[in-house]
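Let me begin by presenting the structure, written as C-alpha cells, before commenting on it.
Nothing in this text is a laboratory measurement; each read-out follows from the coordinates by a stated rule. All values reported here derive from a predicted model rather than from experimental measurement. Using ideal geometry, Cβ is built from the backbone for each residue, glycine included, and neighbour counts are taken over all protein chains shown.
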Amino acid sequence: MGRDHKQQQQQQPAGKAPPADDLAARLVPTLAIAAHLAAAAVAYAAVAAAAAAAPPQPPYMLPLLLYSVGTSAAVTMGGAHELVHSRHPVHLAAAATFLTAYWWYPYYRAHHQHHLHVCTPVDYTCAPKGLNVYSYFGQYFAGSYAEAWELSIQECDRAGQPHFSATNSTLVALGAQALLTAALAAALGPAAAAFHLGVTVVMLTYMAIFDYVLHYGLVRPPLAATSNPPPAAAAAVTSATSSSSGGGGGGGRRRYTPITPYTSWNSLYPLENGMLFSVLLHSDHHLAASKSYGWLRAPSASSSPAPLFPSPINLLGLSVFIPPLWRAIMDERADEANARHLEYLS
C-alpha cells in the first residue's frame, strides 16, 4: 500500500502512553465537545431569531449554516470517539452528552463490539468489498440501534430488571434524545429544532461514510484459511460470537484470526489526523483501543505495515457517492491488502 502515496514523516510519540482513565490525556477532545455544543447553541439561537423576525429573514444562508454546523459536529465526533475509549467519568459523560444530543447514543453503547468483531461478517460497521454506500446506510444505522438495544436487554437480564425500565440505558437514551429535541423546540421554536435535526442528518451521514471507508473490503480470514499461523496469532484468536456480549447475529462459532495492522485503512495526512484526533492512524487504534490519540503511531513499511488510503479521506469520501468510481479506486487495493494480510499471518 505504500506505493499509493508517499508516506509523510510524522513525529512518533515518545514514552509510555498514559492509562485509559487519565483526565489530562484526553482533555482537548473534551474541551472540543464543549466548544462545539456552545457554538451550536449560538447557531440555533440565530436561526430562532431569524425565524421570529418581522418580516422573517430570507433563508439564503441557512443551508450553508446548517452544513457548517453539521460538518463541525462530524469533526467533533472524532473527539467523542476518542472519549468513548476512556475510562474517566468526565470523558464518558462528555461523549454520552454529545452523542445523545445528535441521536447517536447507540455508538456510545455498542462501539466496543466493533473492536471485538472488526472485519468479520458479524460486524455490520465494516463494509465488504462491493457493497455500495447507499446499501450500507441502512445496515449501519439499523445495526447500531439493534445492537445497542440488545446489549441493554442483556444488561437488564443480568440485573434481574424488566426490559422496559431505567436499567435499559438505550431506552433511557432514546427518551433523552427525543426530550432534548423537544426542549429545543420549546425554548427556541420549531425552526431551531428542525435546524438541529438537519444538522444531525449531516453529522450522521459523515459518520456513516467514515466508518464505511475505514475498513472497506478488508477481512480477517477464518483461522483455517491461514497456513500454519504463528503461535502468538493462534493464541490471540477470537471468536466472532463467543467473545461478544452483544448481538450482531450471524457468525456462528467460527473463529477468526486476530486483529492485525491489516484490518484497517490508514491516512498519514497530518491535517486530517490533527482535526480528527489521529483516528485515521486506525490500525494502531484497533491494536490498542485504550491508547490515547497522542500516543498512536503511524504505520511504517518495515515495522508496522498497514493499508494506506490513496488520498486524504475527506477527498476520497466524495467518491463513495459514485459507486463505480469508488470500486475502481478501492477494490483492487483491498484485494492486495487482503493478500498481504494472509502473508503476514503465515
Quiz item: Counting pairs of alpha carbon atoms under 8 Å apart in space and at least six apart in sequence, what relative contact order in percent does the chain give?
Solution: 25
Quiz item: Tilt of helix 27-52 relative to the longest C-alpha principal axis of the chain, in degrees (0 to 90, nearest 10)?
Solution: 40
Exercise. Work out from phi, with θ = phi - 60° and the Karplus expression 6.51 cos²θ - 1.76 cosθ + 1.60, the ³J(HN,Hα) of each residue of region 311-321, listed in order in whole Hz, and give x for Gly and Pro.
Key: 7, x, 5, 5, 7, 4, x, 5, 6, 5, 6
Quiz prompt | Part-to-part distance (alpha-carbon centres) for region 137-162 and region 183-197, which is given in Å | solution = 29
Quiz prompt | In sequence order, calculated HN-Hα J values of region 263-277 (Karplus, 6.51, -1.76, 1.60; Hz; x Gly/Pro) | solution = 9, 8, 7, 10, 10, 9, 7, x, 4, 6, 5, x, 5, 10, 6
Self-check item: Rough spin-label spacing in nm, given labels placed 7 Å along Cα→Cβ, for residue 178 and residue 288
Solution: 4.4
Quiz prompt | Surrounding net charge for residue 124, when Lys and Arg each add one and Asp and Glu each subtract one, Cβ distance under 11 Å | solution = -3
Quiz item: Radius of gyration and Dmax for the chain's Cα atoms, expressed in Å?
Solution: 20.9, 75
Exercise. Working from Cα positions, state the angle (0 to 90°, nearest 10) between the long axis of helix 105-117 and the longest principal axis of the chain.
Key: 0
Quiz item: Under a point-charge model restricted to the Cβ atoms of Lys and Arg (+1) and Asp and Glu (-1), what is the dipole moment magnitude of the chain relative to its Cα centre, in debye to the nearest 20?
Solution: 340
Quiz item: Long-range amide H contacts for residue 308: which residues qualify at under 5 Å (H placed 1.01 Å from N, peptide plane, sequence gap of 5 or more or a different chain)?
Solution: 266
Quiz item: How large is ³J(HN,Hα), in whole Hz, for each residue of region 164-181 in order, when computed from phi with the Karplus curve 6.51 cos²θ - 1.76 cosθ + 1.60 and θ = phi - 60°, using x for Gly and Pro?
Solution: 9, 8, 5, 5, 7, 5, 5, 5, 4, 5, 4, x, 5, 4, 5, 5, 4, 5
Quiz item: Is it possible to state the helix-based mean residue ellipticity at 222 nm for the chain, with each DSSP H run of 4+ residues giving -39500 (n - 2.57), the sum divided by total residues, to the nearest 500 deg cm²/dmol? What is it?
Solution: -18500 deg cm²/dmol
Quiz item: Per 10 Å bin from zero, what fraction in whole % of the C-alpha pairs of region 1-150 is there, up to the bin with the longest pair?
Solution: 9, 26, 31, 25, 7, 2, 0
Quiz item: Tilt of helix 323-345 relative to the longest C-alpha principal axis of the chain, in degrees (0 to 90, nearest 10)?
Solution: 40
Practice problem: Would you compute, for the Cα atoms of region 135-186, the largest minus smallest coordinate along each principal axis and list the three values in descending order, in whole Å? | Solution: 37, 35, 9
Self-check item: Within-14-Å neighbourhood charge of residue 104 [Cβ basis; K, R +1; D, E -1]
Solution: -1
Quiz prompt | 5 angstrom amide H check on residue 255, placed H, neighbours 5+ away | solution = 223
